[in-house]
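Sharing a structure below in C-alpha cells format, with a few things to ask.
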Amino acid sequence: MRVTIIIPTYNEAGRIGTLLEEIEAIVAESPEHEWSIVVVDANSPDGTGTIVRDAAALYGNIHLLSEEEKRGIASAYIVGMRYAIEKLHADAFIEFDGDGQHDPRDVPRLVNELAKGFDYVIGSRYVPGGSIPKEWALYRKVLSRFGSLYARLLLELPVYDATSGLKATRVATVARFLPLTEDQLLSRQYAYKLQFLYAVSRSGAAIGEIPIVFRLRDHDISKSAAVDVLESLYVTLLLRLRTLREWRFLRIVIGRRER
C-alpha cells in the first residue's frame, strides 16, 4: 500500500527535524508499505522549510510544498491530500499534526486497520486506552468532551471521538466523497475534520477507531482550544441544518410523485 503522511507546519523549526526522523524510523519497520511524507509549510519565517529540505535530501521520500501565506490548517491539508492523490498516487493518506500532539508510533497502527478492511480510521482519545493530556485545564477537558459528544449526537456519527485530528483515509473508497477544494470547506481551521467525517459517514464507508494517547502540544496555546470548539459547534449545526433541508426537499419530491 502506498501511504502518504501529510503534515502542515508553521514555525515548527524546533520540532520538525526530530519529528521527521521519528516517523522515518517507525515506518522503516513496516517495509510492506511504500511510505512518503508531505510537509505543507505556510512560508514559516523560522526556517522550517530549510530543515524539511535537508531531511528530503537525506531520506528521499519527503516532499515539501511551500505556500506563500498561512491560509489555515484545513487548506494546508487539502493541498497535501491533492498532492498525495494526484502526484504520489497514494492508496491512503494520514493527517498528522506537526506540533507534537500526535505520536508517530500510531501511524502503522492506523494503516493496519485499513489493511483489515476499514476505509477511514480515527485515532480516538475517547475509547478505552485513549487519553487526553492531564495538564489540560478542566474547562478545556470539558470543552473537548462536549464538542465531540455534541457532534456525535447531532450528526449521528458512528464514532466516540468526532473531533480527532489523527486519521487515515483509503483513497479509492473515501476520497471522492471529501470536499477537496477550498471553496467547498465550511472551515479553514480544525472544524474541517467534522465536515470530512460527516461526508465519510454518509457515504457508508467503514469507519474504525483505535485508542491514542493525545500528547501536549509544543508551545501550547490553550485559548485556541475554545475558539476551535466554538467553530466546531457552528460547523456541526450548519451540517445538521443542511441535512434537514435535504430531507425536506426529498419529502416534497416524494409527495409530488405520489400525487
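Rounded to the nearest 10 degrees, what's the angle between the helix 106-115 long axis and the longest principal axis of the chain, both from Cα atoms, 0 to 90?
Rounded to the nearest ten degrees, it is 50.
Helix 138-154: angle to the longest alpha-carbon principal axis of the chain, degrees 0 to 90, nearest 10?
Result, in degrees: 50.
I'd like the Karplus ³J(HN,Hα) series for segment 82-92: coefficients 6.51, -1.76, 1.60, θ = phi - 60°, whole numbers in Hz, and an x wherever there's a Gly or Pro.
Each residue's phi maps through the Karplus curve to give 5, 5, 4, 6, 7, 9, 9, 6, 5, 7, 8 Hz.
Which residues in segment 42-63 place their backbone N less than 20 Å from a point set 7 Å from the Cα of K87 along the Cα-to-Cβ direction?
Counting backbone N atoms under 20 Å from the label point, the list is 42-45, 47-63.
Have a look at L157, L185, L58 and tell me which one the Gaussian network model of the chain (Cα, springs below 10 Å) gives the largest fluctuation.
Top of the fluctuation ranking is L58.
With point charges of +1 on the Cβ of Lys and Arg and -1 on the Cβ of Asp and Glu, referenced to the Cα centre of the chain, which listed residue (Y192, I37, G129) lies farthest in the positive direction of the dipole?
Of the options given, the answer is Y192.
Taking R0 as 45 Å, what FRET efficiency do you get between L238 and T18 from their Cβ-Cβ distance, rounded to the nearest 0.05?
Once rounded, the FRET efficiency stands at 0.70.
Taking amide H positions as placed in the peptide plane 1.01 Å from N, state which residues far from H63 in sequence (5 or more) or on other chains have amide H under 5 Å from it.
I37, V38, V39
Any chance you could run the full-extension gain for A137 through K70? It's 0.36 nm times the residue separation minus the Cα-Cα distance, nm to one decimal.
Here the answer is 21.3 nm.
Right, something else. Would you compute, from DSSP H runs of 4+ residues alone, the mean residue ellipticity of the chain at 222 nm, taking -39500 (n - 2.57) per run and dividing by the full residue count, rounded to the nearest 500?
On the way: 8 runs with 117 residues, N = 259.
-14500 deg cm²/dmol, from helical runs alone.
I've got another one for you. Calculate the FRET efficiency for D54 and T181 from the Cβ-Cβ distance with a Förster distance of 35 Å, rounded to the nearest 0.05.
Efficiency, from the Cβ-Cβ distance: 0.65.
Over the chain, calculate the relative contact order: mean separation of alpha carbon pairs under 8 Å at least 6 apart, over the residue count, as a percent.
Reported relative contact order: 22 percent.
Could you put F118, F177, F93 in order, starting from the residue whose Cβ has the fewest other Cβ atoms within 10 Å?
F177, F118, F93
May I ask which residue of L180, M1, G17 lies farthest towards the positive end of the charge dipole of the chain, with charges of +1 (Lys, Arg) and -1 (Asp, Glu) on Cβ and the Cα centre as origin?
Farthest towards the positive end: L180.
Now a separate question. Angle check, please: helix 16-27 long axis (alpha carbons) against the longest principal axis of the chain (alpha carbons), in degrees 0 to 90, nearest 10.
On a 0 to 90 degree scale, this one is about 80.
Moving on. Mind counting lysine pairs for me in the chain? Cα separation below 27 Å, and the two need to be 8 or more apart along the chain or on different chains.
Lysine pairs meeting the criterion: 18.
Related question: Dipole size in debye (nearest 20) for the chain around its Cα centre, Lys and Arg Cβ +1, Asp and Glu Cβ -1?
Computed about the Cα centre, the dipole is about 1660 debye.
Throughout, read-outs are computed from the coordinates displayed, never taken from laboratory work. Owing to the predicted nature of the structure, the values given are computational and were not obtained by experimental measurement. Note that we place each Cβ from the backbone using ideal geometry, even for glycine, and neighbour counts take in every protein chain shown.
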